[in-house]
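Okay, so here's the structure we're looking at.
The values are calculated or read from the model by the stated rules, or taken from the named source; none is laboratory data. Note that the structure is predicted; figures quoted are calculated from it, not measured. Cβ coordinates were reconstructed from backbone atoms using ideal geometry, including for glycine residues, and neighbour counts include every protein chain displayed. For the accessible areas, the whole protein counts, side chains as well, though only heavy atoms, and no ligand, DNA or RNA atoms are used. Shrake-Rupley method; radii C 1.70, N 1.55, O 1.52, S 1.80 Å.
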Amino acid sequence: MGAETRVAVLLPLPLREAYDYRVPDGMTLNHGDFVEVPLGPRRVIGVVWGSGAGVVEARRLKPVVRRFDVPPMTAVARRFVEWVAAYTMTLPGFVLRMAVSVPAALEPPKPILAYLKRPDALAPPGFKMTDARRRVLALLEDGPPRMPGELAEEAGCGATVVRGLAEAGLLEPLLLPPAPPLGRPDWARPGPALSAHQEAAADDLRGRVQAGGYSSVLLDGVTGSGKTEVYYEAIAAALKQGKQALILLPEIALSAQWLDRFARRFGAAPAEWHSELTGSQRRDTWRAVAKGEVPVVVGARSALFLPYPDLGVIIVDEEHDSAYKQEEGAIYHARDMAVARAHLGGLPIVLVSATPSLETKVNADSGRYARIELPSRHGGAQLPEVALVDLRRDRPPARHWLAPSLRKALTETLAGGEQAMLFLNRRGYAPLTLCRACGHRMQCPNCTAWLVEHRLARKLQCHHCGLQQPLPPACPECGEEGTMAACGPGVERIAEEVAALFPDARAAIMASDTLSGPRAIQEMVRKITDHELDIIIGTQVMAKGHHFPMLTLVGVVDADLGLNGGDLRAAERTYQLLHQVAGRAGRGERPGTVMLQTFMPEHPVMQALAAGDRDGFYQLEAEMRQDAGMPPFGRLAALIVSGEDPTLVDRVAMALGRAAPRSETVHVLGPAPAPLALLRGRHRRRLLLKAPRATQVQPLIAEWLGRVEIPPAIRVQIDVDPYSFL
DNA sequence: AGCACGCCGACT
DNA sequence: GTCGGCGTGCTC
Ligand SMILES: [Zn+2]
Ligand SMILES: [Zn+2]
């Protein structure tokens, strides 16, 4: 290596393989280098993946255009891309695209333009001095050079005023070096005093980080057991060794409070990586990470693919959270990929949860993962009191959704000056709108889904493709006016019911589409903490790390959601919800009450939840999955066949069904209409492969697909370890 | 993923 | 007669 004349370059495109390029004279390339190469008529970026394979004759090779001045992609990172591609059965280039998500970061940062006053400047003829212009010049009389945007803001004028002055030659342009990276977290700062249990746990993790090498640990403890302080010590240990630490968090948990808490421990905030970042923030962060200037990154699942030079530890907080499953584009589970990343990089990974996923719990039980249990620091009861509300007997009034017993509890809670939360995982006002005259249902033209009414926005909306349309004044089918009726509840409708029942209560909706970014989450937390709200109606439970002592009642409007549908993890999610509520709500002496509205109170899962029986719940859940041969005791993979022509989709799906591998232990179910049989205008059929746990499903599927001709108009997506069945 | 080439309908 | 629709196919 080093003096190669041809190299294989992997491009972040859905191509079958890496392409060979000629290394021009005077250029030296190493494996992992980021390069620009010609591709057809255009130029694209890529990564030197290895030595040229030599299939294409040398004289046909195009030369590498240039090498970018950034540290090369490490061998571990490259192997990770290949591993993810192989595991998820996506093209390597597609996975690489996640690792080079910010092409602009490869270019050296542009110097920043700032202005200084020109002492000798004379106004050109025709120049008019205005108030705004005078204010800008006055600002520059003292103080440092400032960027045009800053100047405009401080002077309270538009950007054009500054530009006008610059064009008139009254400002001295100055190119400042790009902003230095923000403060670095300091591992040497003394941490808080830890309890004996925490200290023992921290010692264990520190030891693993210092020793290096792969290991997986489940850090299991209820909210309030101090898990975060414990994993901070693992991070400190990694930083001490000059390595980086990555903390994965579900997006909703990445609040401003979380960042503040980290900053209090380490003296500086970590670098953030989530969907709310601007283009320039992404660029600066990516580049700084690549250059080893960022010791700690906290982020959502895509942070896994950042260019860490030498990762020392990975923390997956809230490891059970289903937000780690990426369903669009490349389909992968970030928690599982993180474990693979740790394995490849030879470093410890810590999976953190108060309610571990069954997968992780089984791994810990079997000894594949180590387990550290943290007892509650406060001792005593952990689960709140759980009451089942039997909706068959305790019925809400027609077209209302809160049962009399829940209403009564709300009344008492509010009378006592305490707060309540109502939980319903349905955005909008009503999930279905139909015509009372003819029965016509408002459906999305592109998806097999009802249009959801959003009354506040005065729109019907498809939650799958984003289609929006105004509420029709008359039925589009029969033309009758005033016959369109909302069916079923969403959070907006619950809010309406609450407003009618408790006109004086201060209520607010907290939904994933109304709360985006750490700032919005922080504001909501503040309102609850400062008791500016009495009732919160939410689609999800608030971010971790918050405790609301005045919140003493939580009502789950529909605890059955998905429990008897095909959703494998519905029971787990309800259990996790209860636990989160327990962690957020109530005071020491008043732990709070959770009321679960259900049509099947006798269901064993409901009974286990009501009894607060953690072990019983997990055991029941494990037995059910084991009997059904479902994960984590069996393996699943889904094939989604999609295309615009339903007949062709059916034909291909049938052909796949006929060619399916079948044996004593491997079964293929389907083809059946996929959960969303029509999505964004594409018809979908699904085949489900079920195999014993130890089966390597990828070669099986590859062989299977090889036996069937797939026309170009048809796409076959593979979801290894499918998560949602909805 | 782009961006070409390529073969059939309505426009200057 | 051209302009342009986007259906297949290639890019080292
Ligand atoms: Zn009608
Ligand atoms: Zn839709």
Output the residues belonging to the stretch A:609-623 that are without any contact (Cβ under 8 Å) to a residue 12 or more places away in the chain and farther than 22 Å from A:L596 by Cα. A:E623
Hey, can you tell me all the residues within the stretch A:636-691 that are over 17 Å from A:I714 (Cα atoms), modelled with pLDDT of 90 or more, among the aliphatic types (A, V, I, L, M) and in a strand (DSSP E or B)? A:L636, A:A637, A:V668, A:L688, A:L689, A:A691
So which residues in the stretch A:460-484 are assigned to a strand (DSSP E or B) and open to solvent by 70 Å² or more (accessible area, probe 1.4 Å), if there are any at all? A:Q468, A:P470, A:E481
For A:H378, indicate whether it is at pLDDT 90 or above, farther than 30 Å from A:K408 by Cα and either open to solvent by 10 Å² or more (accessible area, probe 1.4 Å) or not assigned by TED's automatic domain parsing to the domain that holds A:L402 (or both). no
Does the stretch A:269-296 hold any residues that are part of a helix (DSSP H, G or I) and not aromatic (F, W, Y), and which are they? A:G279, A:S280, A:Q281, A:R282, A:R283, A:D284, A:T285, A:R287, A:A288, A:V289, A:A290
Could you please find all residues in the stretch A:20-47 being open to solvent by 60 Å² or more (accessible area, probe 1.4 Å), near DNA strand C (Cβ under 9 Å from one of its atoms) and free of Cβ contacts under 8 Å to residues at least 24 places away in the same chain? A:P41, A:R42
Does A:P489 satisfy the condition of being more than 16 Å from ligand 1 (Cβ to nearest atom) and either open to solvent by less than 20 Å² (accessible area, probe 1.4 Å) or part of a loop (DSSP other than H, G, I, E, B) (or both)? yes
Evaluation of A:L10 against (1) more than 16 Å from DNA strand B (Cβ to nearest atom); (2) in contact (Cβ under 8 Å) with a residue 60 or more places away in the chain; (3) of a type outside the set (V, I, T) (one fails), failing number: (1)
Scan the stretch A:411-418 and give yes if some residue there is closer than 30 Å to A:P549 by Cα and charged (D, E, K, R), otherwise no. yes
If we keep only residues of the stretch A:1-19 that are of a type in the set (D, E, K, R) and within 13 Å of DNA strand C (Cβ to nearest atom), then the residue farthest from A:L106 (Cα to Cα) is A:R16
Just the residues that are free of Cβ contacts under 8 Å to residues at least 40 places away in the same chain and either within 16 Å of ligand 2 (Cβ to nearest atom) or not in a loop (DSSP other than H, G, I, E, B) (or both), please, taken from the stretch A:497-512. A:A499, A:A500, A:A507, A:A508, A:I509, A:M510
Give me the residue from the stretch A:290-320 that is within 14 Å of A:I247 (Cα to Cα) and charged (D, E, K, R) and, out of that set, nearest to the chain's Cα centre (by Cα). A:R301
Based on this model, can you work out whether A:G50 counts as within 13 Å of DNA strand C (Cβ to nearest atom) and in contact (Cβ under 8 Å) with a residue 24 or more places away in the chain? yes
